[in-house]
1. Identify, from the list A:ALA315, A:ALA321, the residue that is more than 8 Å from chain B (Cβ to nearest Cβ), open to solvent by less than 70 Å² (accessible area, probe 1.4 Å), more than 17 Å from B:SER390 (Cα to Cα) and at pLDDT 85 or above.
2. Take the residues of the range B:400-422 that are within 18 Å of B:LEU295 (Cβ to Cβ) and touching a helix residue (DSSP H, G or I) at 6+ places or on another chain (Cβ under 8 Å): which is nearest to the other protein chains (Cβ to nearest Cβ)?
3. Just give me the residues in the range B:305-317 being in a helix (DSSP H, G or I), of a type in the set (A, V, I, L, M, F, W, C) and exposed (fewer than 12 other Cβ atoms within 10 Å of the Cβ), in sequence order.
4. Identify, from the list B:LEU128, B:LEU137, B:LEU123, the residue that is touching a residue at least 24 places away in the same chain (Cβ under 8 Å) and surrounded by fewer than 24 Cβ atoms within 10 Å (Cβ to Cβ).
5. Tell me the residue from B:VAL106, B:VAL5, B:VAL88, B:VAL29 that is crowded, with 24+ Cβ neighbours inside 10 Å and modelled with pLDDT under 90, please.
6. Looking only at residues in the range B:57-69 that are within 12 Å of chain A (Cβ to nearest Cβ) and not in a loop (DSSP other than H, G, I, E, B), which one is surrounded by the most Cβ atoms within 10 Å (Cβ to Cβ)?
7. Look through the range A:327-368, keep the residues that are facing chain B (nearest Cβ under 7 Å), hydrophobic (A, V, I, L, M, F, W, C) and within 19 Å of B:PHE70 (Cβ to Cβ), and return whichever of them is surrounded by the most Cβ atoms within 10 Å (Cβ to Cβ).
8. Can you list residue pairs whose Cβ atoms sit under 7 Å apart, with the first residue in the range A:351-380 being part of a helix (DSSP H, G or I) and the second being of a type in the set (Asp, Glu) and modelled with pLDDT under 85? Count only pairs 6 or more apart in sequence or on different chains.
Amino acid sequence: MASARSAPQQQQQQQLGPPNSARLAITSLCKVLRQYGVAVLEPETVRQAKFDGPVAAPMWRALHDTVLLILAGRGTGGAGGAGGTSSCALEPTSAAAAATALGRQWEAVSHELLDVALGAGGAAGGSFPAEGAALVVRQLAAWGAPPALLAALRPPGAARAGAGAARHPHHHSYSQEDRAGGGADCDGGGGSGDVMDAAWGNPASCRSRPLLLALGWLVAAARLFERRIAELEPGPEARALLPPYPPDSCLGPTTQAAYETAAQEARQLVARSLTGDVAAGSSSGVPGAALPRSGGAGGLRSRAPPGDPFGPSAAAASREALWGDVEAAAQRAVMLCGRARGRMVTLQAAMDCRHRLTASLVGRQAAASPSSRPLTPYELQLAAQPAAVQRHAAALESATLALLEQQELAAHGALCFEWLGSVIEEEEQAAQQGGGAKGRGRAQAAAAAAASSPAAASSLAHLPYAGSAAAARLQGQLAAQLEAAVQAAAPELSAARQRAAQGGGGGGAGKPGAAAAGGASVSIHHFLALAEKAVSGQPVPGPDGDALFTPSPANGAAGAAGLLAGQGGGSAAPWSADVGREAGPWRLPDDVASALSAAQAAASERAEAELQAEAQGVLLRHGALARCDFSGGPGGAGAGGPLAAVLAGGGPAGGGVGGVAAGAETRRLLEAVLAVARPLARARAGHKAALRAALQELPEGYLVAGV
Amino acid sequence: MEPKVVAGARSAAAASGSWWRYPSSGYLVMQSGSGNNWAQGFHGYGPQVHEDALDLVRKEVEHADSLTGFLLLQSMAGGTGAGLGTYVAEALRDEYHSAFVANCCVWPYESGEVIVQPYNTLLTLSHLADVSDGLVLLENEALHRTAAKLYGIARPSFGDMNGIAARALAAALLPSQPRGPYAGGAYVAPASQQHHHHHQAHGHGAGPGRSSPGSSGGGVQLPALRRADSSGGRLGGESPGLGSLGSRGGGATPPHAAASSPSASGAGGSGGWGVCTAPLAELVTRLCGHPAYRLLTLRSVPQLPPANIDFTTFTWPALTKRLRQMLVTGSVLEEGLDWSITPQSPGAAAALGAGLAGPTVNRALASWLILRGQGAAEADVGEFADPALSAAWSPEPLSVSYSTGRFGRCAMSACLLSNDRHCVGPIQRMQEHAYGMLESRAFVHQYEKYGLSVAEFQDCFARIEDIAQRYARL
């Protein structure tokens, strides 16, 4: 199989042309997949898929096979067991087995399903059953693929055909389908099958680039490269001591047997001294019964025969005997301890001696032949065992090869993901060129796919599945954080609202209704609803196609990474520009928005007030100057008129007594202005700080651009 | 201290032959002795020579490849050997925590060469009992009788007795390999060289040497030295280890050995048997595991004059039978054994109540039997393993080592080091004397001059009593 493929593969590689890295990336991707048993993917197919070539069917099939493989646990369980012996070529059998199994499965599936699909009117050659696509997409969703990517996987007609299904293409709906009727859509019969067909159209008409991206995401998410690298890890025999030394004598069978015998003896001893002796009762009355003479050389001797009528009572004797045994055991322990100490001292002396002699030997060797280094014991042993050396060398070589392969694979993996990044760029470019909502949706999908590459932020890709416990926890956390943020911001917001309400009488654009709502009642459900709307709204290019993601080069990646980044764009004043409008599905809740708009109104009002105050001051100053002119007579700088006087200087330029009066008046007015402006400025700063704090409380991974 | 004695030992060594010498700088002398005053040796000279003595030892230790421990040869009756020797033992214990310190002590004549010997002996014993890992007690009395009755020396000199003691000690400490059912777990060090730093404690015990200055002259000692030397030399022909050890024994036994230097005996352990053990470590480990029981008795057979060796036929049963009876009766002498006593004789029980009378049947905590000569590996020693001979709780009452090499000219010889209650009798007799003297405060002021109070005396005596009682209760 592999040999038959190799020739065209080389040609394709040559056709692939200039960017050597791209070729490497593609071939390494294909190689990895083939090593797992997905043999349908050719480098040329992949290359074409990058440019949306007509290769959707093989791409679907590769996706399908990969999904099946991962579902079957290949790569999860198999890697560990085979890891020891594997180098690259070490698992051709399992890979081939997987490939044949997949082939058979595919045959069965295609016979069963494709006919139905064909009957429904798909293209004959490069067709793919909708059920297969559904399986793939469902699994991708279950594994947490970005929704945008999933959306992009749908063939063009799908959304329109089955509006109900397409409106909820996220995890939840898949899970429901999963639970409800796993078998139903396999038959192709029944309502869900019809819905499926209707919803999916012909998967082969799908564009192939999203398929490629999905495949890349899958490879990254299933950590196929990493698993392969782990499989190539040199086995335990490479870590063994070389040349193999005999096992530690401490663990040898004789030692173990000795240990066990000793333990057995000790147990018997204890049992005897606890029960046997006491039960034996009256030993001889002599206190020396503690030192009986009749036993064997080792161990405590059995007691003297009972029956001494003149001794103390049996109980006393047995107590005595017991304590005698205890003392004897203690003495013996002391003696053994002393012996152990003696042995240790001797051992220490011998080791010192050995060090000393070794050192002197080395010294003499060095003196005798300064050029040659004396052999270490290890080297001597190696020299004595050529077979061991060969084993050593072979093991070293294989370990080196395995490590090299690991390294190469890691580099290729990185290259591959880099190349997938270029595919994403391609997608984005296409989206920009294509313009319109559809293009943007794709761009979002591409960006979401980019999240799977290690370089991109991956928070969204790792969001938990909607029905899961993790999601519930996350939701709870989000709610708590939001509440905290709202609480933190509440006084400021209400103050702003009040101020807006007060200023509203003066013609401000405040929203008294919103302010009257009192405490902020923002809840996570609000956001959830928004999210639902966003998810359903984004990928499906519809009439409500919003300008949510404008993938500008500046914040494209960030914008793609975080759904909350709806406020993106280069606008300098983020809140003023976007909040009020229907900026997107992720707009802020109404009361917060109203509070914000109130704050904005207050700010603008403040600015207006400052302007007014300034204008008033100017007017007053003009008036004062005019008065000054009148009182000071024509000798002043009257020729210039009021404007010239203002320009000439606000301060003492006017000179004269009237000038002083005018200056005092000006200062008073300025103070009045400042007295108005200071609290306003303070309030503004407070709002800003509160907003920042609220933003920081947002969960990780959500960005609010422009702040 | 004792310059004459040291000089005598050095000249004897120099005159003996080519290989027995003491290093020219490896000794420490001062001008006068301790005057049989234990307190002067311990409290007076001890601190004075502390640094110098330890320097000498350190020099030798640094030259040694392996330091297992120290074997100190000293007397117990006098002031220098006993007092200063004890001080040096304590200093060595402080300096070398992990090394063994074993002492070979000469128990004085009961008749008493020195009037204060009960004081000195008990003070030495009580201090060494805390410090030493093993105390081999050599009784002058027994050595004298051995020399007189078995060796046929009419008026044994200290040299003769030294020779006998040295032979016994050498028989115990020469390399041997463990055998039999008791060999399990015995330490065998194939490559280590065993070095004993037997440290003669700066002059010998003032007891024998000083009480008979005339007899300690070179002329009287030389025959003994020659004897020790000649046996050592012949052994040395077989193995360098034997030779050096023999020389050590001959040169270092207290009555004449004034080698006030720690002398590293060269390649002590590298005998020709392939298995080489560390005798000192063996000794301590096999026999002196229990901290309260550290007094060893040394017995060896055959004990016969060298001239008779060639006309004697040796058999293992005969040797072991006699040795065993020596163990049973607690005798150190091969002669005059009471063959009526058996381990099962009622004396064993009576001993417990006998108190000062001393036990009549011996009982050992542990014994180490060393057989040397042809067939030593196969000789039957089962009768030594009689449980009645050992304390009930002793974990390994008997260990046996052997060496197929001859010892001396004897085709077979056996040596038994045992931790038994033979020592109780001499100790109790000595204690009686000591208590009697202390009651009348005899000579106590001499000791008080050096800071040894009556309370300390009593303390030491109590400790000795405790030790004796423990042995008696074995």
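1. On the way: A:ALA315 fails: at pLDDT 85 or above.
On inspection, the qualifying residue turns out to be A:ALA321.
2. Taking the range B:400-422 first, the residues within 18 Å of B:LEU295 (Cβ to Cβ) are B:415-422.
Next, only the ones that are touching a helix residue (DSSP H, G or I) at 6+ places or on another chain (Cβ under 8 Å) stay: B:415-421.
Values: B:CYS415: 20, B:LEU416: 17, B:LEU417: 15, B:SER418: 15, B:ASN419: 10, B:ASP420: 15, B:ARG421: 13 Å.
If we take residues in the range B:400-422 being within 18 Å of B:LEU295 (Cβ to Cβ) and touching a helix residue (DSSP H, G or I) at 6+ places or on another chain (Cβ under 8 Å), then B:ASN419 is nearest to the other protein chains (Cβ to nearest Cβ).
3. In the first step, residues of the range B:305-317 are kept if they are in a helix (DSSP H, G or I); the result is B:306-309, B:316-317.
So of that shortlist, the ones also of a type in the set (A, V, I, L, M, F, W, C) come out as B:307, B:309, B:316.
Across the range B:305-317, the qualifying residue is only B:ALA307.
4. Details: B:LEU128 fails: surrounded by fewer than 24 Cβ atoms within 10 Å (Cβ to Cβ); B:LEU123 fails: surrounded by fewer than 24 Cβ atoms within 10 Å (Cβ to Cβ).
None of the others qualify; the one that does is B:LEU137.
5. Details: B:VAL106 fails: modelled with pLDDT under 90; B:VAL88 fails: modelled with pLDDT under 90; B:VAL29 fails: crowded, with 24+ Cβ neighbours inside 10 Å.
The match here is B:VAL5.
6. Going through the range B:57-69, the residues within 12 Å of chain A (Cβ to nearest Cβ) turn out to be B:61-69.
So of that shortlist, the ones also not in a loop (DSSP other than H, G, I, E, B) come out as B:61-63, B:69.
Numbers: B:VAL61: 19, B:GLU62: 9, B:HIS63: 10, B:GLY69: 28.
Only one residue tops the list, namely B:GLY69.
7. Among them, the one singled out is A:ALA349.
8. A:CYS353/B:ASP65; A:ARG356/B:ASP65; A:LEU357/B:ASP65
The values are calculated or read from the model by the stated rules, or taken from the named source; none is laboratory data. Just so it is clear, the model here is predicted, and its values are computed rather than measured. All Cβ positions, even for glycine, are placed from backbone atoms using ideal geometry, and neighbour counts span all protein chains on display. SASA here: full protein model, heavy atoms, side chains in, ligands and nucleic acids out. Shrake-Rupley method; radii C 1.70, N 1.55, O 1.52, S 1.80 Å.
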